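A short worksheet on the structure shown next.
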Amino acid sequence: MSAGAGTGFAYRDGALHAEDVALASVAARCGTPCYVYSKAALTAAYRGFAAAFASRRHLICYAVKANPNLAILNVFARLGAGFDIVSGGELARVIAAGGDPRKVVFSGVGKTVAEIREALTAEILCFNVESVAELLRIDRIAGELGRIAPVSLRVNPDVDAKTHPYIATGLKDNKFGVAYGDALAWYRRARELKNLRIEGIDCHIGSQLTDVAPFAAAVERVIALVEALNAEGITLSHIDVGGGLGIPYRAEERADGIAEYAAAILNGSANRRETFLFEPGRYLTGNAGVLLTRVEYLKRGGERNFAVVDAAMNDLMRPALYDAWHDIVPLHEHAGTLESWEIVGPVCESGDFIGRDRRLALQEGDVLAIRSAGAYGMSMSSNYNTRPRAAEVMIDGANVHVIRKREHVAELFANETIPA
């Protein structure tokens, strides 16, 4: 497989493997649809990211929303990672997985009273605050608990990330953060609140960026603001540059990698004393996972040929939501006539597709691997059409670990009741 597949996946003697395990054996044992992750690929991605910033005091806070499975969180926790969370549920997952809450940053525009209380009680590293109303709420709750809340203000640098509009977050018309021009006033207000401690500054301009130029532009604007804060006597302990570094989803796709990203950040922030925080998600997990799916029916038509598989938009939402591309490959390389296929699922929506116009030699019963599915795959899955969510498996060398059992239909309505 190409670079887009991640370090843990490769063909051997015509059979696709995850590390030392043939994926066909995983499909036979665990069924389909099934997410499969390579521990080696997860580890390599994290260590590569850390090595790129070895010259700078830093903390890598994995973005839990990309893939929140406890086993994956545990891999990163053991490697020394912090975590970027956007809900109280994600904080509970981090703690359950062995993560250190003192390395947690809490992002998101809608933190509830209960979530703020939980985070303060857990003594997280920092709140990334996104509105004046939130700033005042955190101050009030911290006072009620007799605590000092560590805060970082999320500043919107108004930099165009040039990504899909649904995952662009750094423009002035986005719901996130404070406008760049208002940031100094925010910090002055935060300094006056007695139950807050100003720790840092945060920005996040979007997701799946394959060109590092927007990162460089954002860092330049953030550093200028840090200097303005210093001039007013407001000193910061950290600068959080967010996440968003993309991955190549297509075999032929070019994407700036960690070397280019590190150069853009380091060159734009030379001689800084602050600790740098990063919030990678997709970069660490995206190419470390595949989704296995079985071909149920081949349906040839006058205009298009359809391969109906057992995975659907409820299992992998990205193609339907963003028109996103995922490479799709067979588990076994075999001779056959290549034809153009629409890879579609059984959900009753015309938008239920996994891939369009794919050149494949297919037979009913074949198992396919949908590549680069380790991020925003299982985490965005649902039970639409009363479909149980897929199993999740982690491969560690020759070992196969089921890290999430497949759901059963009865579980999906176990909490529902019929009034008498």
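The values are calculated or read from the model by the stated rules, or taken from the named source; none is laboratory data. Note that the coordinates shown come from a computational prediction; the quantities given were computed from them, not determined experimentally. Cβ coordinates were reconstructed from backbone atoms using ideal geometry, including for glycine residues, and neighbour counts include every protein chain displayed.
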Residue match in segment 237-248 (condition: crowded, with 18+ Cβ neighbours inside 10 Å, among the aliphatic types (A, V, I, L, M), over 19 Å from residue 213 (Cα atoms) and in contact with an Asp or Glu (Cβ under 6 Å, 6 or more places away or on another chain)): no
Residue identified as in a loop (DSSP other than H, G, I, E, B), modelled with pLDDT of 95 or more and surrounded by fewer than 20 Cβ atoms within 10 Å (Cβ to Cβ) among 80, 89, 99, 48: 80
Residue in segment 328-340 that is in contact with a strand residue (DSSP E or B) (Cβ under 6 Å, 6 or more places away or on another chain) and under 22 Å from residue 411 (Cβ atoms) present: no
Residue match in segment 288-307 (condition: surrounded by 15 or more Cβ atoms within 10 Å (Cβ to Cβ), in contact with a Phe, Trp or Tyr (Cβ under 8 Å, 6 or more places away or on another chain) and hydroxyl-bearing (Ser, Thr, Tyr)): no
Matching entry among 218, 251 (being modelled with pLDDT under 95, assigned to a loop (DSSP other than H, G, I, E, B) and either out of contact with any strand residue (DSSP E or B) (no Cβ under 8 Å at 6 or more places or on another chain) or closer than 27 Å to residue 53 by Cα (or both)): 251
Residue that is farthest from residue 204 (Cα to Cα) [pool: residues in segment 272-287 that are in contact (Cβ under 8 Å) with a residue 12 or more places away in the chain and in a loop (DSSP other than H, G, I, E, B)]: 272
Residue that is surrounded by the most Cβ atoms within 10 Å (Cβ to Cβ) [pool: residues in segment 365-417 that are of a type outside the set (A, V, I, L, M, F, W, C) and touching a Gly at 6+ places or on another chain (Cβ under 7 Å)]: 374
Flag for residue 295 being in the same structural domain as residue 368 (by TED's automatic domain parsing) and in a strand (DSSP E or B): yes
Residue list for segment 315-338, restricted to those being acidic (Asp, Glu) and modelled with pLDDT under 95: 323, 333
Failed item, numbered, when residue 269 is tested on (1) part of a loop (DSSP other than H, G, I, E, B); (2) closer than 19 Å to residue 367 by Cβ: (2)
